[in-house]
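The values are calculated or read from the model by the stated rules, or taken from the named source; none is laboratory data. All values reported here derive from a predicted model rather than from experimental measurement. Cβ: placed from backbone, ideal geometry, glycine included. Neighbour counts: every protein chain shown. The accessibility values were calculated without ligands, DNA or RNA, using every heavy atom of the protein model including side chains. Shrake-Rupley method; radii C 1.70, N 1.55, O 1.52, S 1.80 Å.
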Amino acid sequence: MAKFINIGFGNMVNTDKIISVISSDSAPAKRMIQHGKEQETLIDATQGRRTKSVLFTEQNQIILSALQPETLAGRFNGGLEEVYYDTQE
């Protein structure tokens, strides 16, 4: 069953596809974001807010979120009600 989490502002991501979640503050993260822009594999889900975390997927997509990595980790681990299940399968 597919499991989706809210990564901010009503944007959902399939948790089965996420490889890692990192802070956006480091120089390597900023380079990866720039590379994603150049390769057109970047998805900006920040709604114009400051990017606080970067999610990497199995398909080499890079997703930007305005939520802290710790907040997203709590949602991945089922700590919040912001987890949704796809009942269509």
If I model a spin label at SER26 and ASN77 as a point 7 Å from the Cα along the Cα→Cβ vector, what separation in nanometres do I get? 1.9 nm
Assuming 0.36 nm per residue, please report the length gained on full extension of the stretch THR41 to LYS17 beyond their Cα-Cα distance. 7.2 nm
Computed on Cα atoms only, the convex hull of the chain has an orientation-averaged projected area in nm² of 5.8 nm²
For the chain, the per residue accessible area (1.4 Å probe, Å²) is 62 Å²
Taking Cα atoms, the helix 27-39 axis meets the longest principal axis of the chain at an angle in degrees (rounded to 10) of 90 degrees
Using the beta-carbon distance between ARG50 and LYS3 and R0 = 35 Å, what value does 1/(1 + (r/R0)^6) give for FRET efficiency, to the nearest 0.05? 0.85
Computing the accessible area with a 1.4 Å probe over protein heavy atoms, can you report the carbon and sulfur percentage for the chain? 48 percent
So how many Å³ per residue does the convex hull of the Cα atoms of segment 30-82 work out to? 86 Å³
